[in-house]
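First comes the structure, then the notes that go with it.
The values are calculated or read from the model by the stated rules, or taken from the named source; none is laboratory data. The model shown is predicted, which means the values in this text are computed figures rather than measured ones. Neighbour counts run over all protein chains shown; Cβ positions are idealised from the backbone, glycine included. Side chains included, ligands, DNA and RNA excluded: accessible areas come from the protein's heavy atoms. Shrake-Rupley method; radii C 1.70, N 1.55, O 1.52, S 1.80 Å.
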Amino acid sequence: MVFINGKRLNLRNRFTFQKVEDYHDVILLNDVRKNLDIEDLYSDTSEGIEVEKKGINATSKDRKTTGKFVITATYRKLVNS
């Protein structure tokens with residue numbers, strides 16, 4: 001499992017998933033902000049993610065090789081309305 005700090009989560013940052021390795025079965029977005037729009041994660045969870053590490057070329061992981069996403073929050077509603 002890899003832990004990603006949900007309070008600092010920026011899905012538009014190209015290095016968001018830089019900690020994800022091939023052997024991680026679970027990607028935990030821990031304690032996300034109240035204003036996180038779950039729709040921003042749809043393509044990541046359904047198609048796969050791109051992992052880019054500083055100084056290393058980006059690699060794509062398809063849905064089958066990407067770990068499962070787990071999201072924790074202290075709020076009931078995560079989608080903006």
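Counting only heavy atoms of the protein chains, get the accessible area per residue of the chain (1.4 Å probe) and round it to a whole Å² value. That works out to 72 Å² per residue. Considering only chymotrypsin sites (Phe, Trp or Tyr not before Pro) in DSSP loops that have at most 15 other Cβ atoms within 10 Å, the longest stretch of the chain without any of them is 24-74. Between Ile49 and Lys61, the built amide H atoms are under 5 Å apart, and every one of these is 5 or more places off in sequence or on another chain.
Heavy-atom surface analysis with a 1.4 Å probe gives the chain a carbon and sulfur content of 45 percent of its accessible area. Within the shell defined by Cβ-Cβ distances under 15 Å, the residues around Gly55 carry a net charge of +3, with Lys and Arg each +1 and Asp and Glu each -1. Tell me the label-point distance for the pair Ser43, Lys7, using the 7 Å Cα-to-Cβ offset, in nm and rounded to one decimal. Rounded to a tenth, the inter-label distance reads 3.0 nm.
Shown here: Cα extents along the principal axes in Å, derived from the displayed model; of the candidates (i) 32, 30, 20; (ii) 44, 27, 23; (iii) 36, 25, 21, it corresponds to (iii).
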